[in-house]
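This report concerns only the one structure given below.
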Amino acid sequence: MVASVLLDGFYGLMSWVFLGLLVFSIFCFVDAALRREDAYRAADKKTKGFWLIILGITVAVNLFLGMLFLTIAGLIANIVYMVDVRPALIQVGGGGRGGRGGFRRGSSSDGPYGPYNGGR
């Protein structure tokens, strides 16, 4: 009786964990799809197609297979995208939201190292 309740609680918790992993992998895939192709090259990361394939496989594994080893491998790929690739893409201005997605807009006199002050 007690073991049954504990197992039901554990399975309930694990279903929430797998749902969270699925949502996280879908977010990473959609974010990678919205970024511009040239931003990947400018950030010196793998190509957009590479990341879409890797993150798409991760979504498929989380959605259909649910094997623990493959889920962990997909989680590692998602974490690498979120902590390494995505910040580099944002830094080079690779937003796929029409140039408005929270990116800083500078003046026309801004250069690569900040605003030009005319030698003052």
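Within segment 10-62, the residues that satisfy the criterion of being of a type in the set (Ser, Thr, Tyr) and in contact (Cβ under 8 Å) with a residue 24 or more places away in the chain are 25, 40, 58. Identify all residues within segment 1-32 that are polar (S, T, N, Q) and surrounded by 10 or more Cβ atoms within 10 Å (Cβ to Cβ); write none if there are none. Scanning segment 1-32 gives 15, 25.
Taking segment 41-73 as the range and being among the polar types (S, T, N, Q) and in a helix (DSSP H, G or I) as the test, the residues that pass are 58, 62, 71. Hey, can you tell me all the residues within segment 33-54 that are open to solvent by 90 Å² or more (accessible area, probe 1.4 Å) and in contact with a Gly (Cβ under 6 Å, 6 or more places away or on another chain)? Within segment 33-54, 36 is the sole residue that qualifies.
Consider residue 38 carefully, then state whether it is at pLDDT below 90, over 14 Å from residue 78 (Cβ atoms) and part of a helix (DSSP H, G or I). It is true that residue 38 is at pLDDT below 90, over 14 Å from residue 78 (Cβ atoms) and part of a helix (DSSP H, G or I). Among the residues of segment 17-31, which ones are closer than 14 Å to residue 72 by Cα, among the aliphatic types (A, V, I, L, M) and either touching a helix residue (DSSP H, G or I) at 6+ places or on another chain (Cβ under 8 Å) or not in a helix (DSSP H, G or I) (or both)? Correct list: 21, 22.
The values are calculated or read from the model by the stated rules, or taken from the named source; none is laboratory data. For clarity, every value in this text was computed on a predicted model and none was experimentally measured. Backbone-built Cβ (ideal geometry, glycine too); neighbour counts: all protein chains shown. Calculation scope for accessible area: heavy atoms of the full protein, side chains included, ligands and nucleic acids excluded. Shrake-Rupley method; radii C 1.70, N 1.55, O 1.52, S 1.80 Å.
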